[in-house]
Amino acid sequence: MNTRFKDAMTPKERMVAFSSGQEIDRIPCMPQISDHACRLIGVPVSSYNRSAEIMAAAQIKSFNTYRHDSVEVGPGLLGIAEAMGTKLAYPNDGIPFVAEPVLKDWQDFSGLTPANPYRDGRLPLFLEALQIINDAIGDEVVLGSSVGGPFTAAASIRGTENFLKDLYKNREKAHLLLELVTESALLYIDAVCDLGIMPGLSEPTASPALISTQQFREFALPYLKIYADRIRQRCGSGPTLHICGNSRPIWLEMVEVGADTLSLDNVIDMEEAKKEVGHQVCLSGNVKPIDTLMRGNRQDIYAESQECLRKAHDNPKGFILSSGCSIALDTPPENILAFMDAARIYGKYPIEPEKWK
């Protein structure tokens, strides 16, 4: 199982050149591959999420299969909260979820402490997996580590419903929790940067579907900016920021965070995003992960990839072809190969949509 098409550059060569504005062979393509990688080595999700060796083996297999332009492992949406005491449930072959938030009562807040990335929760596991992956394929591909944003982590510590109520009833305490979460995240970010790897940010609970733009500005933006500033200070450039759903109402705020790339959900019109903020940030997206990449066929994947490229390949600050959100667990591997092939066929420079059939 592999592609018929050959690249002129390695993924790392491509992304290093892309980041510095140099010529590249084709558009970068980054399907957001996380737990799906365990399917390639035949292990259940629970095993993947509890072993640095298995996680690394799965991601290395994934890269060698798809040759995508970035490989990521990290605490994701729940890892910081788990390291601070929130209990997660691990279905044998399903995605982990919050089983018991650690801060059910504000009286217990004084017992919370910042997470140590070398000791607490699964943070050491992610650092170990990153080191194994870096040793194996770090000369071929850029590595990243996904970190859940402060608002998402705080909601997982307090319980999402309770935290959303706190925005109205306990605003000062909500800010105290966000400050503590930020302290924890910065420690992990520094540990990742010490490995020479760049963190990325995801903040789905701060989506406009759940909070207003004004609340985003008060409770998410200042802390996300602290994350982004630290990453820029350590890595020399800003991170990718992903927020699920219709993020259009907060595009300007997402830019203000200091992200260099906005990863946009598949509900977004990429042409509209290009017109609104494409002169300020690189855009990444946004083929449908379920309807197209999991349930579609090669022709469907080619057609939607063409649409994304037609709308955004000429974005002033650059464009990365990607999935609109994480690749679904049971996405057929041949579909991800088709997605990468779409980038190799239609994203090869010079990109000429008028010649596509």
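Throughout, read-outs are computed from the coordinates displayed, never taken from laboratory work. None of these values were measured; they are calculated from a predicted model. Cβ atoms come from the backbone with ideal geometry, glycine included; neighbour counts cover every protein chain shown.
For the range 207-215, backbone phi angles converted through the Karplus equation (6.51, -1.76, 1.60; θ = phi - 60°) give residue-by-residue couplings of 5, x, 5, 10, 9, 6, 4, 4, 5 Hz, Gly and Pro being listed as x.
Net charge around M9, counting only other residues with Cβ within less than 12 Å of its Cβ (Lys, Arg = +1; Asp, Glu = -1)? Working shown, then result.
Working: positive: K6, K12, R14, R26, R67, R344, K348; negative: D7, E13, E23, D25, D69, E140.
With Lys, Arg at +1 and Asp, Glu at -1, the net is +1.
Taking every C-alpha pair closer than 8 Å and separated by at least 6 residues, the mean separation divided by the residue count of the chain gives a relative contact order of 19 percent.
How do 115-122, 239-246 rank on mean C-beta neighbours within 10 Å, highest first? Mind dumping the intermediate values first?
Values: 115-122: 19.0, 239-246: 23.5.
Packing order, densest peptide first, comes out as 239-246, 115-122.
Sketch the reach of a paramagnetic label on I95 as a point 7 Å from Cα along Cα-to-Cβ, and name the residues of the range 58-72 whose backbone nitrogen lies under 17 Å away. Flagged as within label range: 72. Take every DSSP beta bridge whose two residues both sit in the chain; close to 15 percent of them are antiparallel.
Dipole of the chain, Cα-centred, from +1 at each Lys and Arg C-beta and -1 at each Asp and Glu C-beta, to the nearest 20 debye?
On the way: 36 positive and 46 negative charges, 71 e Å.
Approximately 340 debye in magnitude.
Net charge around T331, counting only other residues with Cβ within less than 10 Å of its Cβ (Lys, Arg = +1; Asp, Glu = -1)? Present the calculation step by step, with values, prior to reporting the outcome.
Working: positive: R39, R295; negative: D330, E334.
Summing Lys/Arg as +1 and Asp/Glu as -1 gives 0.
For C193, neighbours were defined as the other residues whose beta-carbon sits under 14 Å from its Cβ, and their charges (Lys and Arg +1, Asp and Glu -1) total 0.
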